[in-house]
Amino acid sequence: MLNELFDLKGETAVVTGAGRGIGEGIAKVLAAAGASVVCAARRVDEIQRVADEINAAGGKAKCCATDVTDLDAVNRLAKFACDETGGLHMWVNNAGGSAVQKPLHLLDQEEWDRTLALNLTAVWQCTRVAAETMVEGRILNISSLAAEDVIAGSGHYSAAKAGVNMLTKTFAQELGPRIRVNCIMPGAVPTEIMMQALKLKDEDLPKLDKMLRLPAGRLGTPQDLGAAALFLLSPASAWVTGQNIRVSGGP
Ligand code: NAD
């Protein structure tokens, strides 16, 4: 029974931003659960590496260069997933982030527009395309603790991610029962964008770890997020939809 609850064999998952960081972690866990994974991001070398590693480990992965802010490219991605694997069952809206930290009153319009386009509008567009393409399935959004918690300097990012939380609830209501839609709000996971945004170097991480004093005892890893994604995309969560879940090593 346990196997069936977490079995994704015979199903296809698109993971955006799968070239590194959390998206890579999610793609690898879904592949380990038997899914065919389509890794999508702008950098072909990065998604090719992730797909190669999944295939070398006995999983199934393909890659499709995609900028999620380009609707034509997103439509091509959905078609690619169906043509190459015979269907589409899961879609993970993971691509996102902002490396800029600035008080809202000093933020320029360009960064506001860029952040909203990548972190919010692209999630809306990708979900529309995924919902049109799937017969039935599951969609998972990746927002952030910043959707609920104030982080000075990240107001633009917070506003976009709070929007993602509400897209999750509304799409779940509108697309159910055909499609379940959930969202993970990750806490601190040292990835390229997180290190850039907080201006951290590897040697700063033990200090950050100590400062946060997370009840789970450590910072997050891409695999931690992959495990939570597996739950929300597998039959184990069949009765969970419209939820924004904090996966953050603490409350
Ligand atoms: P990352 O920078 O390590 O990886 C981001 C991935 O997205 C890369 O593969 C990149 O190529 C891709 N990407 C960026 N812009 C894209 C675009 N326009 N089209 C397609 N792909 C694009 O970042 P990460 O930390 O792994 O972040 C993944 C998600 O998790 C983001 O939505 C981020 O906001 C969220 N998040 C991260 C943290 C954290 O601590 N790392 C915390 C909360 C939320």
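Taken together, the values in this text are just the output of simple stated rules run on the coordinates, not laboratory data. Note that the structure is a prediction, hence the values are computed from the model and not measured. Counting neighbours? That spans all protein chains shown, and the Cβs are built from the backbone with ideal geometry, glycine included.
A few notes on this one:
- Single residue of region 147-164 satisfying the filter (within 28 Å of Trp239 (Cβ to Cβ) and touching a Ser or Thr at 6+ places or on another chain (Cβ under 6 Å)) that is surrounded by the most Cβ atoms within 10 Å (Cβ to Cβ): Lys161
- For the residues Ala81, Ala40, the requirement of being within 16 Å of Gly96 (Cβ to Cβ) and touching a Ser or Thr at 6+ places or on another chain (Cβ under 6 Å) singles out Ala40.
- For region 97-121, filtered to residues that are in contact (Cβ under 8 Å) with a residue 60 or more places away in the chain and at negative phi, the residue that is surrounded by the fewest Cβ atoms within 10 Å (Cβ to Cβ) is Ala99.
Conditions (1) under 23 Å from Ala162 (Cβ atoms); (2) more than 14 Å from the ligand (Cβ to nearest atom); (3) over 18 Å from the mean Cα position of the chain (by Cα); (4) part of a helix (DSSP H, G or I), marked per residue:
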site: Ile184; (1), (2), (3), (4): yes, no, no, no
site: Val189; (1), (2), (3), (4): yes, no, no, no
site: Ile193; (1), (2), (3), (4): yes, no, no, yes
site: Gln196; (1), (2), (3), (4): yes, no, yes, yes
site: Leu200; (1), (2), (3), (4): no, no, yes, no
site: Asp209; (1), (2), (3), (4): no, no, yes, yes
site: Arg218; (1), (2), (3), (4): no, no, yes, no
site: Asp224; (1), (2), (3), (4): yes, no, no, yes
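- For region 46-68, the set of residues classified as in contact with a Gly (Cβ under 8 Å, 6 or more places away or on another chain), within 10 Å of the ligand (Cβ to nearest atom) and among the charged types (D, E, K, R) consists of Glu46 only.
- Residues (more than 6 Å from the ligand (Cβ to nearest atom), over 18 Å from Arg138 (Cβ atoms) and not in a helix (DSSP H, G or I)) located in region 1-38: Met1
- Annotation note: Cβ proximity below 9 Å between a residue of region 202-228 that is at negative phi and surrounded by fewer than 10 Cβ atoms within 10 Å (Cβ to Cβ) and a residue that is aliphatic (A, V, I, L, M) and assigned to a helix (DSSP H, G or I) (sequence gap 6+ or interchain) occurs for Asp202/Met195.
- Close Cβ contacts (under 6 Å, 6 or more residues apart or on different chains) running from residues in region 49-66 that are closer than 16 Å to Ala95 by Cα to residues that are exposed (fewer than 14 other Cβ atoms within 10 Å of the Cβ) comprise Ala65/Val44.
- Of all the listed residues (Met194, Met185), the sole one being surrounded by 14 or more Cβ atoms within 10 Å (Cβ to Cβ) and farther than 14 Å from Asn244 by Cα is Met194.
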